[in-house]
Amino acid sequence: MNCGRLRFRGPIPLLFSPAPWTAFWYLFCSIFLGALWFSIAFTLLAAGVTLGVLWLGLPVLAAALAVTRGLANVERRRLRIDSAYRSLRSTGFRARLAERLRDPATRRDTILLVALWPALLVIDTVATGFWLGCFELMSLPIWYRYVPNTFDNGAKMHGVAFGNYPNGPYGGGNRWGFFVHDTRSAVIAAAVGLVLLVVAGNYLVVAAARAHAAITRALLGRVLDPLADARRMLIADPTLAPRAAQ
């Protein structure tokens, strides 16, 4: 996904920009991919950690880490992020596995795919649900007349109820809300949907996509070392270390 498209604009420019559609597609895919990644990673990691106390469980743990890394790399490709794993220096299966477990990038993969998945699922679902709900209201003039209703008093009517209408829009009882049952009410509902889309829906879906992408980048991207330049200078000229200590 090109994150450069996820820019906030004024309500009308945002309505006609690709940002809401890009954000919706990213969140929509994230809901299903996130659920799949979570189920795979959690199952394999739980099995690997549980069986890891036994020597025979170490291959399961190694496979779980490899699969988790592959899933995280899919998320990196979606956002065009470079991998951040350390190069393995050890030889031998157990030493290399221990080195992988100590790699901060491995922990960040697990945090994103497993620990943060419930929170990201809520954010993505709320944003996409609200955005699609706006379009549902806007499309009511097309399909409201094809929705049948049978009420408690036996009356029948086509329409869509937003609220409680036990005896229909014209019956008695405890009724409240808005009932779309004619062209006038359908147009009013469509206008409300358009206003909600322009005022809140587009901003919500873009904000959710930006937040999801920012969290993913923070966890899966390269972590810059603020002392990297100083380390390189010390490696190039070890005599600088005593001077720095003074």
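Nothing in this text is a laboratory measurement; each read-out follows from the coordinates by a stated rule. Since the structure is predicted, the reported quantities are computational estimates derived from the model, not experimental observations. Neighbour counts run over all protein chains shown; Cβ positions are idealised from the backbone, glycine included.
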| Options LEU27, THR183, ALA72, ranked by Cα towards positive dipole end of the chain, top entry (Cβ charges) | ALA72
| query | Residue by residue through the range 121-127, which ³J(HN,Hα) values in whole Hz follow from phi under the Karplus form 6.51 cos²θ - 1.76 cosθ + 1.60 (θ = phi - 60°), with glycine and proline marked x? | reply | 5, 5, 4, 5, 5, 4, 5
| message | Compute the distance from the alpha-carbon center of the range 97-152 to that of the range 36-83, in whole Å. | response | 23
| task | Work out from phi, with θ = phi - 60° and the Karplus expression 6.51 cos²θ - 1.76 cosθ + 1.60, the ³J(HN,Hα) of each residue of the range 43-51, listed in order in whole Hz, and give x for Gly and Pro. | result | 4, 5, 5, 4, 5, x, 5, 5, 8
| said: Within 14 Å, Cβ to Cβ, of PHE38, how many net charges do the neighbouring residues add up to if Lys/Arg are +1 and Asp/Glu are -1? | reply: -3
| message | Can you compute 3J(HN,Hα) from phi for each residue in the range 180-188, using the Karplus curve 6.51 cos²θ - 1.76 cosθ + 1.60 with θ = phi - 60°, rounded to whole Hz and x for Gly and Pro? | response | 8, 9, 8, 4, 4, 5, 5, 5, 4
| note | The answer for GLY221, listing residues at least 5 apart or on another chain whose modeled amide H is closer than 5 Å to its amide H, is none
| remark: Looks like the chain, by Cα gyration tensor root eigenvalues a ≥ b ≥ c and the a/c under 1.5 rounded cutoff (else prolate when a/b is bigger than b/c, oblate otherwise), is prolate
| said: For a quick size check, give me the Cα extents of the range 52-145 along its three principal axes, largest first, whole Å. | reply: 69, 30, 17
